[in-house]
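Report on one structure; see the data block that follows.
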Amino acid sequence: MLITSAHNKFYLTGFDGTTATVLLTQNSQFVIVDFRYFDQAKKQCSDSDILLSDDVNHTISQRINDCLKEENISRLGFEKDQLTVQEYENFVKDLNAELVGVNLSELRLYKSVEEIEIMQRAAEIADEAIEYIMGVIRPQMKETEVELLLYNKIRAAGAKSFSFNTIVASGHRGALPHGVASDKIIEDHDFVTIDFGAIYKGYCSDLTRTFAMSRQADPRLIEIYDIVLRAQNAAIQACRSGMKTRDLDKVARDIITQAGYGEYFQHGTGHGLGILIHEAPRLNQVSSETLQEGMVVTIEPGIYIPGLGGVRIEDDVLITKDGCIRLTKSDKQLKYIR
Ligand SMILES: [Mn+2]
């Protein structure tokens, strides 16, 4: 099996540099790198054989072909959802094996004890950062200023970066489910939704909190907050090993629909989380996976009303036999900043 995606290379070998090709055979695990990454690969991939490539006599394809020949391999799997057409054509032309497309999206479904420990810390870093922000955010700040404060906080706590472009959506921008931080000034009575995460030791957290800048916030948003919180808590209460992902989505969706806001909740209730911010399983109305012990997923219902604003509340949970354990633990009672 040829591994070309950064996330699966990291998962399988520990290599987190930008350029390497990984080859898994029945007997061995090869990491093929050029001189820039040789020392790094030696250090990070202690279970692998490190092969040096260059542009002339030992190209990546030649290195792979040597291994194929050595182990008498005629069929080689590749990640069919991860190669460009150009890269695929080059491999077909250069490699002495039949290429077989494989989808590895289920490879990282179940988290090990070590992975869960790391993800717990990634979640704690996000918890600490949102608590800090709620203490320092003030009217007249730009959304991007809040983003920068968050960034400095997670970096100081040991995170490598955000796990995706941070959403800071205040006032009417709260109606944008993916309203990344803009130049908008946060006003005295805005609701503010912040959705962000930290990458810690290669693993993502994903946390959303919505809060009010003052008690004079729009009462319709305060009502919506209560509905979203009930939906989110109900889904957390309901989730357990053996449950169908679409049934979990339905728990949150039914509460929002019964409250009359179904048409304003158009995304799924959550998604798997790990090395990637979005991975298997998906929690939405059509997903047919089954939750199992060891999966980590987000639970994040929301209501978004154009012209008014929106509310989303998100936690990361570890699925257990009888329920789930929350990895993110920030308080969810509606907070008024002033
Ligand atoms: Mn999320």
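The values are calculated or read from the model by the stated rules, or taken from the named source; none is laboratory data. Quick caveat, the model's predicted, so the values are computed rather than measured. Note: ideal-geometry Cβ built from the backbone for every residue, glycine included; neighbour counts use all protein chains shown.
Does His267 meet the test of being closer than 20 Å to Leu229 by Cα, surrounded by fewer than 20 Cβ atoms within 10 Å (Cβ to Cβ) and within 12 Å of the ligand (Cβ to nearest atom)?
It is true that His267 is closer than 20 Å to Leu229 by Cα, surrounded by fewer than 20 Cβ atoms within 10 Å (Cβ to Cβ) and within 12 Å of the ligand (Cβ to nearest atom).
Tell me whether segment 127-144 contains one or more residues that are in contact with a helix residue (DSSP H, G or I) (Cβ under 6 Å, 6 or more places away or on another chain), touching a residue at least 24 places away in the same chain (Cβ under 8 Å) and surrounded by fewer than 20 Cβ atoms within 10 Å (Cβ to Cβ).
So far as segment 127-144 goes, no, none of its residues is in contact with a helix residue (DSSP H, G or I) (Cβ under 6 Å, 6 or more places away or on another chain), touching a residue at least 24 places away in the same chain (Cβ under 8 Å) and surrounded by fewer than 20 Cβ atoms within 10 Å (Cβ to Cβ).
Please go through segment 29-60 and give me each residue that is in contact with a Gly (Cβ under 6 Å, 6 or more places away or on another chain) and crowded, with 20+ Cβ neighbours inside 10 Å, ordered by number.
Tyr37, Cys45
Let me confirm something: among Gly242, Gly272, which residue is touching a residue at least 60 places away in the same chain (Cβ under 8 Å) and not aliphatic (A, V, I, L, M)?
Exactly one residue qualifies, and that residue is Gly272.
Rundown of residues vs (1) more than 16 Å from the ligand (Cβ to nearest atom); (2) more than 30 Å from Lys160 (Cβ to Cβ), yes/no style:
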position: His178; (1), (2): no, no
position: Glu187; (1), (2): yes, yes
position: Asp195; (1), (2): no, no
position: Gly202; (1), (2): yes, no
position: Phe211; (1), (2): yes, no
position: Ser214; (1), (2): yes, yes
position: Arg220; (1), (2): yes, yes
position: Arg230; (1), (2): yes, yes
position: Ala238; (1), (2): yes, yes
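Which one of these is assigned by TED's automatic domain parsing to the domain that holds Leu148, touching a Lys or Arg at 6+ places or on another chain (Cβ under 6 Å) and among the hydrophobic types (A, V, I, L, M, F, W, C): Ile227, Ile255?
Ile255
So in segment 273-297, with the set limited to residues that are part of a strand (DSSP E or B) and closer than 18 Å to Val113 by Cα, which one is nearest to the ligand (Cβ to nearest atom)?
So, considering only residues that are part of a strand (DSSP E or B) and closer than 18 Å to Val113 by Cα, the one nearest to the ligand (Cβ to nearest atom) is Val297.
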